[in-house]
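Taken together, the values in this text are just the output of simple stated rules run on the coordinates, not laboratory data. Nothing here was measured: the structure is a model prediction, and the numbers come from that model. Cβ placement follows ideal geometry from the backbone for every residue including glycine, while neighbour counts extend to all protein chains displayed.
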Amino acid sequence: MLAPVHAQKAKQKYTAYLFAYFTGNKKEDESIHFALSDDGYNFKALNGNQPVVASSDISSTGGVRDPHILRGADGKTFYMVVTDMVCSLGWNSNRAMVLMKSTDLVNWTASVINIQTRFPGNENLLRVWAPQSIYDAKAGKYMIYWSMKHGNDPDKIYYAYANKDFTDLEAEPKQLYFPPNANSSCIDGDIVVNNSEFHLFYKNEGQGAGIRKAVSKELTGGYQLQDSAYVNQTKDPVEGAGTFKLNDGEGWILMYDVYTKGKYQFTKTNDLQHFSVIDHEVTMDFHPRHGTVMPITDKEKKRLLKQWGTVTTAAAH
């Protein structure tokens, strides 16, 4: 999501969209892929749907999942955070995330943050999943938020601020969201800012799993579940909510991974409360897994095309 600091000023500059995603549960699929769209509905994979960054170069496990991409508050620096994980090692096998930074969307620096070794008291940590980042204008820092599971406890959504260089976390993670049912597992948080309110979409795990939304006036706490209804518009299992604002100002798109069916669902909303399925309007020449979309400029689009082209061998969606 765009930082509110510059979103209003730079709104007219954005003419296209960059989709960052991974493609599957095989080790070779656990990597960062890019796709482009001019309208937010029709996407074409870059680089023949092959990775744009080698997972072995940036991770401790050899695989990465769940890429989240963010434009910085200065409008010209980009941040990406990913899960450092190879799922074939087990769903309770990873302890780290990767923080990445770029000034051109092509060349990225990366730092592995192993929560278990970095912070004491995490001896029974089992997994670190789906990090995302957002600029906290009040604090003047970038906040990272993600889910963790310790021992027999449910998955919980935590947060911590990144350091100035975006290479480490400043302090021990704190719990960000406290669901009404303390035994409810919460993963895949996605925060959208609108009208000075923070809308936290997340997946509720366990019985009755689905995507819910909590809202707060403060970024780092106070989130209240809006109602008991799920925002996903399918009864199939879903995960990985990702929300982006359309460049024409006509609402937002909320998308999510319908992972048991090998497909994505796209919905549109004008108020972040009511969602209509728009799958019939969406095309992709690739099969994405949990990812995010960021508005980009024409200059940025041309730079990405120069680097990776538009040719793709991926099967049609």
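Taking Lys and Arg as +1 and Asp and Glu as -1, the other residues whose beta-carbon sits under 13 Å from that of residue 308 total +3. Here is the list for the range 162-223: GluC sites (Glu not before Pro) lying in DSSP coil, each with at most 15 other C-beta atoms within 10 angstrom of its C-beta, are 170.
Neighbour counting of Cβ atoms within 10 Å sorts the residues 239, 250, 172, fewest neighbours leading, into 250, 172, 239. 3J(HN,Hα) along the range 171-180: 8, 4, x, 10, 5, 8, 10, 10, x, x Hz, from the Karplus curve 6.51 cos²θ - 1.76 cosθ + 1.60 with θ = phi - 60°, whole Hz, x for Gly and Pro. Looking at the range 57-124, the chymotrypsin sites (Phe, Trp or Tyr not before Pro) that sit in a DSSP loop and have at most 12 other Cβ atoms within 10 Å of their own Cβ are 91. Using a simple spin-label model with pseudo-atoms 7 Å out from Cα toward Cβ, residue 183 and residue 218 lie 2.9 nm apart. So if R0 is 35 Å, what FRET efficiency would residue 164 and residue 306 give, r being the distance between their Cβ atoms, rounded to the nearest 0.05? After rounding to 0.05, the efficiency reads 0.70.
Rounded to the nearest 20, the Cβ-based charge dipole of the range 4-308 about its Cα centre (Lys and Arg +1, Asp and Glu -1) stands at 420 debye. Here the relative contact order of the range 1-158, from alpha carbon pairs under 8 Å that lie six or more residues apart, stands at 17 percent. Each of residue 139 and residue 114 was given a label point 7 Å from its Cα along the Cα-to-Cβ line. The distance between the two points is 2.5 nm.
Across the range 106-163, Cα pairs under 8 Å and at least six residues apart give a relative contact order of 26 percent.
If you build a Gaussian network model of the chain, linking Cα atoms that sit under 10 Å apart, which residue out of 150, 280, 68 swings the most? So, out of 150, 280, 68, the one fluctuating most is 280.
Across the range 130-146, computed HN-Hα scalar couplings (Karplus, 6.51 cos²θ - 1.76 cosθ + 1.60, θ = phi - 60°) run 6, x, 9, 10, 8, 7, 8, 5, 5, 8, x, 9, 9, 9, 9, 9, 6 Hz from first to last residue, x flagging Gly and Pro.
When mean projected area of the Cα convex hull in nm² is computed from the coordinates, the matching label among (1) 14.4; (2) 16.7; (3) 21.1 is (1). Computed extension gain for residue 234 through residue 196, at 0.36 nm per residue and net of the alpha carbon distance, reaches 10.7 nm.
If contacts are Cα pairs under 8 angstrom and at least 6 residues apart, what is the relative contact order of the range 4-308 in percent? 17 percent. Counting neighbouring beta carbons within 10 Å and listing from fewest to most, the residues 27, 306 come out as 306, 27. Less than 5 angstrom separates the built amide H of residue 278 from those of 266, 267, 268, all sequence-distant by 5 or more or on a different chain. Summing charges over neighbours of residue 141, with a neighbour being any other residue whose Cβ is under 10 Å away from its Cβ, gives 0 when K and R count +1 and D and E count -1.
For the range 144-251, which trypsin sites (Lys or Arg not before Pro) are in a loop by DSSP, counting at most 14 other Cβ atoms within 10 Å? Answer in residue order: 164, 217, 235. Sorting 98-104, 115-121, 138-144, 59-65 by their mean Cβ neighbour count within 10 Å, with the most densely packed peptide first, gives 59-65, 98-104, 138-144, 115-121. Charge tally for residue 163 (other residues, Cβ to Cβ under 13 Å; Lys, Arg +1; Asp, Glu -1): +1. Of 56, 228, 31, the residue with the greatest mean-square motion in the GNM of the chain, using alpha carbon springs below 10 Å, is 228.
Amide hydrogen proximity for residue 177: with H placed 1.01 Å from N in the peptide plane, the residues at 5 or more positions away or on another chain lying under 5 Å are 157. The GNM of the chain, with springs linking C-alpha atoms under 10 angstrom apart, assigns the highest mean-square fluctuation among 277, 128, 86 to 277.
Listing 165, 38, 188 from fewest to most neighbouring C-beta atoms within 10 Å gives 165, 38, 188. Over the chain, dividing the summed -39,500 (n - 2.57) contributions of all DSSP H runs of at least 4 residues by the number of residues returns a 222 nm mean residue ellipticity of -2000 deg cm²/dmol.
Rounded to the nearest 20 debye, the dipole size of the range 210-317 about its Cα centre is 340 debye, using +1 on the Cβ of Lys and Arg and -1 on the Cβ of Asp and Glu. Leaving out same-chain residues fewer than 8 places away, which lysines sit with a Cα under 26 Å from that of residue 138? Output for residue 138: 9, 11, 13, 76, 101, 156, 164, 174, 213, 217, 245.
The simple spin-label model puts a point 7 Å past each Cα toward its Cβ; for residue 152 and residue 27 those points are separated by 3.4 nm.
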